[in-house]
1. Which number in (1) more than 27 Å from residue 135 (Cα to Cα); (2) in a helix (DSSP H, G or I) marks the one condition that residue 350 misses?
2. Of all residues in the range 11-41 being within 30 Å of the chain's Cα centre (by Cα) and on the phi > 0 side of the Ramachandran plot, which is surrounded by the most Cβ atoms within 10 Å (Cβ to Cβ)?
3. Restricting the search to the range 353-376, which residues are part of a helix (DSSP H, G or I) and over 21 Å from residue 132 (Cα atoms)?
4. For the range 1-100, give me every one of the strands (runs of 3 or more DSSP E) that falls completely inside it and has 1 or more residues that are touching a helix residue (DSSP H, G or I) at 6+ places or on another chain (Cβ under 9 Å).
5. Out of 186, 123, I need the residue that is part of a loop (DSSP other than H, G, I, E, B), modelled with pLDDT under 80 and on the phi < 0 side of the Ramachandran plot. Which one?
6. What tally of residues in the range 322-341 results from selecting those that are crowded, with 22+ Cβ neighbours inside 10 Å and part of a strand (DSSP E or B)?
7. Which residue pairs have Cβ atoms under 6 Å apart, sit 6 or more places apart or on different chains, and have a first residue in the range 306-318 that is in the same structural domain as residue 279 (by TED's automatic domain parsing) and a second that is assigned to a helix (DSSP H, G or I) and surrounded by 18 or more Cβ atoms within 10 Å (Cβ to Cβ)?
8. Being buried (at least 16 other Cβ atoms within 10 Å of the Cβ), assigned to a loop (DSSP other than H, G, I, E, B) and modelled with pLDDT of 90 or more is the filter here; which residues of the range 217-248 pass it?
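The values are calculated or read from the model by the stated rules, or taken from the named source; none is laboratory data. Everything numeric in this text was worked out from a predicted model, so none of it was measured. Heads up, the Cβs are rebuilt from the backbone with ideal geometry, glycines too, and the neighbour counts pull from every protein chain shown.
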């Protein structure tokens, strides 16, 4: 039962008997009445509709959770049985998938499981060309009520364009490269130069005018990066170069401290980063663990398996890096040149392997993340950026 939108008004059992009713105010779900028990639970949600806290009618906290930008949940307590999680969508307890009405979404990868209808593509917005993408890769400021098109709930202002180009997009002040008082911000800008679209770029500048100038300069000099290795290597080398100049936020520096490293060590690691092609590489996987405490066990586990063979057997691996060196091997076919924000976070993720000598599992345990696919490490980095 629903109210004509994507927000359900109630829930029923398999026989069609109504078991619960939802109470909304101003288009937002604020409470649920369980009919059998006659109890009411209240939702405390953020600007996107994600339920961070659930209380009973006495104000006792039943659920307390934080959500990563793409929907991964960090639960501190959970006893209400609430399934309305990320942006208020129902999360299946078995698969972990979120029901966005038109499609199912996986927060583990920040993507929909099926392609959107091509009619939702906007030619001037490169982010919309990815039919599996979620809210144009801007999950802090946007949600997708229907599973078809994002709606912005944050600060996103269009920017004027001077000169021969035109600006497709805007500048978001939602991400700052320095949370300790610096005026530097990250502007997300797309430009069209002589009919060629340069997708969303992350430009660090102190004001919108400087950001536009920098974006146009990049557009005019771009060599056409793509999913070939040369294009992917350029993306990661450029991101590594930008990391060497970064003034990290206090929250990101706290992560460095937790992992036993420093901002200076991270900058030095980024400066020495060596990008290599992992597809077909004959370098041994075990060589990535050389001169580390786990080198012997790595030799036993991987033997003579090459990095190329490992990537072929694990087709979802974007990158694999030295734990006591400076090499990062890429699977360029998985690198989306339009997903600049994720690429930047993943570059820093790989640099952390170089300078901390920690595996993904080590990092996940240290940061209190769920062990498994390592995308949650990149998401945590971007959350603290």
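1. (1)
2. Checked the range 11-41; the qualifying residue surrounded by the most Cβ atoms within 10 Å (Cβ to Cβ) is 27.
3. Matches in the range 353-376: 353, 354, 355, 356, 360, 361, 362, 363, 364, 365, 366, 367.
4. Details: elements: 10-12, 18-25, 28-34, 39-45, 51-56, 61-67, 73-78.
Passing ranges, in order: 28-34, 39-45, 51-56, 61-67, 73-78.
5. On the way: 186 fails: part of a loop (DSSP other than H, G, I, E, B).
None of the other options fit; the residue is 123.
6. 3
7. Cβ pairs passing all conditions: 307/285; 310/285; 317/311.
8. 246, 248
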